[in-house]
Amino acid sequence: MAASAPDLLQTKLTVPPVCTELVARPRLIEKCKHGLTRSLTLICAPAGFGKTTLLCAWLSSEAGSAVPVAWLSLDDDDNDPTRFLTYLVSALTSATSVDGDAALSLLRSPQPPPPKAILTVLLSRLEAVPHRFALVLDDYHLITAAPVHEAMTFLLEHLPPQMCMVISSREDPPFPMARLRGRGQLTEIRADDLRFTVEEAGQFLWQMSGIKLDADQVMELDTRTEGWIAGLQLAALAMRGREDISGFISAFTGSHRFILDYLTEEVLRRQAESIQSFLLQTSILNRLSGPLCDAVTGRTDGQMMLEQIERGNLFLTALDDGRQWYRYHHLFGDMLRRHLQQSTPAILPDLYRRASAWYEQQGWASEAIEQALLSQDSELAAGLVDHFGDTLWMQGEIATLTRWLKVLPESTIRARPKLALSYAFLFGLLGSDVETEQQVLRAERLLLEDKQMPDGERTALLGRAAASRASLAVLRGYEADIIIAAGNRALAQLPETDAYWRSWAMTMAGIAYYILNGDVAEAERLFAEAITVGENAHNSFTNMTALIHLSRLHMVQGRIQEAEAACERLLAYAGDAILSGAGLLNRAAVRYERNDLAGALEDVLEGRRILQTYPARRVPLPGFVMLGWLKQLQGEESEARDLMRQAVEIVHEHDLRQTLFPVAAWQARLWLAQGDMTAAEQWADEIEPTAHDDLSPALEFEHMTLARIQMAQGRLDEAQQLLARLFSAANSAGRMGQVIAICVLQALAASLQGDTDEALRRLAHALSLGEAEGYVRVFVDEGAPMAALLHEARARGIAVEYVTKLLAAFDQGPPAKGVVPPEPRVDGDIGSLSERELEVLRLIADGASNREIAQTLVISVGTVKKHVNNIFLKLDAHSRTQVIAVARKYNLF
C-alpha cells in the first residue's frame, strides 16, 4: 500500500531520523546540552563526520528528550522560500502545539507576503510557549537561496528567549556569526570535535564489524581516516569476513574521497547481486519507501529490501517510527549515484520517469515534476507543469514554479500556450515586464496559428493573455483605456469557471478606472465583483490586492469609515492578528486622517517591518511617506527628508510609474513644508506643463501640490484657476475626498487674496463634507492660517461643534518622539566582498539605479540584483542607506 502524502510530509518535519549511537560521546552531548541556553548551536563539518548521528544521540539523551524539538531534514528542493517556510511553520507548530493556521494561510496564497512577515506571525505565537523548545535544521548546506538565508537570519535575531536553533551543515551559514559569537549566543561543534579518538574508534569498529582489532590496528585505521566516521564505518563493513586485516588496513590511503570511493566499491562488491542492483537503482531517490522502490526497480520486495539493508548498517536511515520512509546517508547516496552513472547511465532516464509516474499517481506534483526534469524528458516535465501549474500557483510555490519554467527549453514552453501564459503572468508579478510581453506575444501567436485547438479552449487562453496584458499595462503605467480594454477583453473571453483569472482582470481594470481614469463608481463595482468571485475561488491573493485598492478608493471618495472597513477585511485574510503589511499602511492613512497619530505610527511601523523585504515594489512606498510625514510632525526634518528620498530612489531604481503612489509629489510637499522653495520650485517646473492641458485624474495629487507651490510663490490667481479646474473634475466624478482637500486649498488661497467671505464659503463646503466621516488632518496640517480661518468660521456659526473639535486638534501635538526606532547601524566589513561586488557598491554609493549599474558594467539587471543581494547579505544590511553608510566608512565614493 502506498504511503500517504502526510506520511511523506512527516518525514521532513517533526520526526528526527531513527538512529542509534554506537559510541557514547558524553563530551559532545554535554556541549549540545549547553547549547540549549544559547540562540544557535552550529554543528559544522564535512560529510561523514556524524553530524546527524550526534543530533540524534543528543535528542535521545536525558537533556535532549526533555525539550520539544521541531526537526526539519532539508533537501535541495527546499530552496523555494514558500516551501521552506511551510515546512518550518508546520514543524514548529507541531512541536509546540501553537496555532500556525494564520501563517500557513498566508503561505498558501498565490503570491505570499515576504518571509519576514510570515515569520512575524509565527513568532507572535511562539512567544507564548511556556517552556524551552528547539528548532533543528539538518543539512542546512543544501540551502543556497538568499531569501531563505535572510528569513533564517531574521528568525535568529528575533528568537523568543525560550527557543534555540540547532543547525548541522557542511559549511558555515551566511548568518551574523561574529555578532552571535561576541554576544556569547553561539555554540560551535566542528570537525575536530567530531573526530573519533583512538578509544572511540576502537569501540566503534568492534560494534560495527565484530572484529577485535589490536591497539596498533585501531590507531592505524584512525590515523588513516583522521577520525572520519564515515571512513571507519565503511572500513568496518569491508573488513567483515576478511582474514588478512592488517593487509586490508595497509591497502588504502589518500584523501577522504579516495578512501570513500575505494571502500564503497569494496562494500558494494561484497553484497549480493540483488542488493547491489537495488542500492544503485534506488539511489536516485532522496527518500525511499517500499512502494516507491517497487515502482522504480520493477520489483515487489522493496519494503523487505529496505529493512534488510537497514539491518546490515548499509548507511540507510529510517525517517519515521513506522519505518515506511528511509533515506541513504548523503555520502553513500552520492557514491551510489556516481557508480550508477559510470556503470549503466542509459537506464537513468527511465528510472527517473518511473519515479515521476509514481509521484504523479500519489498526487505529489512537485516531486513528480522534479523527477521528470531529472529524466531530461522536457515534454514529460512540461506536461506536468502545465497540468499542476495552477494548483502550485495557488499554493504559493512561486519560486519553485519559476525555477521549473526557467529550466524548460524555450521551444517546449512556446509549444504550450497555457504554459507560456503562466510563464508570462508569473514573470510579470516578479517585475520582468519585457519577458512577460514576449511570452504573451508568442502565446497569442501560437493560439491563433493552432487550427486544431478547440475554439472554446483557444478563447479561454486568449482571455488569460488579455488578463496578462492588463497586468503588464498597469505595471508600466499605460493609459487607462489600454488597461481597461485588455481587462474587458479578458472578461469577455474567460469562462465563468476561470475565477482566478477573471477576478484578476477585474482588479486590474478597477485600478485603471479609479487611478488613471478617475471613474470611482466603476472601479468600486469592479473591485466588489472581483472580491466576490475571488472569495468563491478561495483566491486570497487577488482579494487582498482588490481590497488594498478598494480601501484607497474609499479614501478618494471621502468615505473614511468604509476605507477602514476594507482595511479590516483585508487584515482578516491573514488570520486574527494584524499580519498584512499593505493593509496596515492603508489603515495608517485612515488613522492619520482621523488624527489618531499614535495609531497611525503603530500601524506604519508594523507595516514597514512586515514589508521590509519588498524594497523593489510599490507596496512599501506609502510607509516611507507616512513615516516621513510623522517624522516631520515630530520635528525630525532630516529623517523625514531621508525617508522621502528613499521612496523616490525606489521608484527610480526600479523604473516604477508614480501614478499608483505619487512619491515625488509628496517629496515636493515636504520640501514646501520645510521651506525649501528651491527644491519645490524645481519639481513644480517639471510638473507644471501637464496642468496646461486637460487635467488627468492620475496626476490629481501632483496638480494639488503644484497649486500649493504657486500659492507659496504668490501666484494666487493661477493657483485659484488650477484649483477651480481640479474641483470641477473631482466633484463631477464623486471623488469627494479630493474635493475636501481642494476646497481647503481654495479657502487658504482666498484668504491670502483678502477675500474672507469666499474663503469661509469654500471652507464651509469642506466642513460639510468632512464632518460625518471625521476628517481632521486635512484641516490641521495647514497650520496657523487654517486655524485662523476656523476661528472665524466658529465666530460666524459655521459647523461650530465640528470646528471646535478641529481647533482642539491643533493643540494636540505630534506623536511622541522616540517611538520610531532609528535605522540600525551597520558595522559591515567589506573584506568579504568580491571585486565585482565592490564595483557595484561604489556605483550604489554614487546613486546609480540597478539599470544604470547594469549599463555601466555591461551586465544584466538580474545579475546586478544578485550582486546587490549578496552585498546586503554579507554586510548584514537592510537598506541602501545602510549600504551607502558602509561605502562612506571605507571612502568608496
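Summary of values
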quantity: Burial order of peptide ranges 44-51, 744-751 (average beta-carbon count within 10 Å, highest first); calculated: 744-751, 44-51
quantity: Region 486-546 and region 154-227: distance between their alpha carbon centers, rounded to Å; calculated: 56
quantity: Cα gyration tensor, region 463-554 - rounded (a/c under 1.5), prolate or oblate; calculated: oblate
quantity: Distance between modelled label sites at D757 and A598, nm, 7 Å Cα→Cβ extension; calculated: 4.6
quantity: Local electrostatic count, R715, Cβ distance below 12 Å [Lys/Arg +1, Asp/Glu -1]; calculated: -3
quantity: Highest average packing first - 795-801, 190-196, Cβ atoms within 10 Å; calculated: 190-196, 795-801
quantity: Per-pair calculated FRET efficiency, R0 = 22 Å: D172 and T144 via Cβ, rounded to 0.05; calculated: 0.95
quantity: Long-range HN-HN contacts of V136 with modeled amide H, under 5 Å; calculated: A70, W71, L72, V166
quantity: Pair D676, D301: separation of 7 Å Cα→Cβ label points (nm); calculated: 8.0
quantity: Cα shape, region 760-812, gyration tensor, a/c 1.5 rule; calculated: rounded
quantity: Listed peptides 372-382, 169-179 by packing density, highest first (mean Cβ within 10 Å); calculated: 372-382, 169-179
quantity: Difference of contour (0.36 nm per residue) and Cα-Cα distance, I859 to D75; calculated: 279.1 nm
quantity: Global form of region 422-522, assessed from the alpha-carbon gyration tensor, a/c cut-off 1.5; calculated: oblate
quantity: A272-R609 FRET efficiency (beta carbon distance; Förster radius 60 Å; 0.05 resolution); calculated: 0.50
quantity: Segment N488-D99, length gained on full extension (0.36 nm per residue, minus Cα span); calculated: 135.9 nm
quantity: Fully extended contour minus Cα-Cα distance, from Q438 to R311, at 0.36 nm per residue; calculated: 40.1 nm
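Every number in this text was worked out from the coordinates using simple rules, so none of it is lab data. Only a predicted model underlies this, so the values are computations on that prediction, with no experimental measurement involved. FYI the Cβ positions are ideal-geometry reconstructions off the backbone, even for glycines, and counts take in every protein chain you see.
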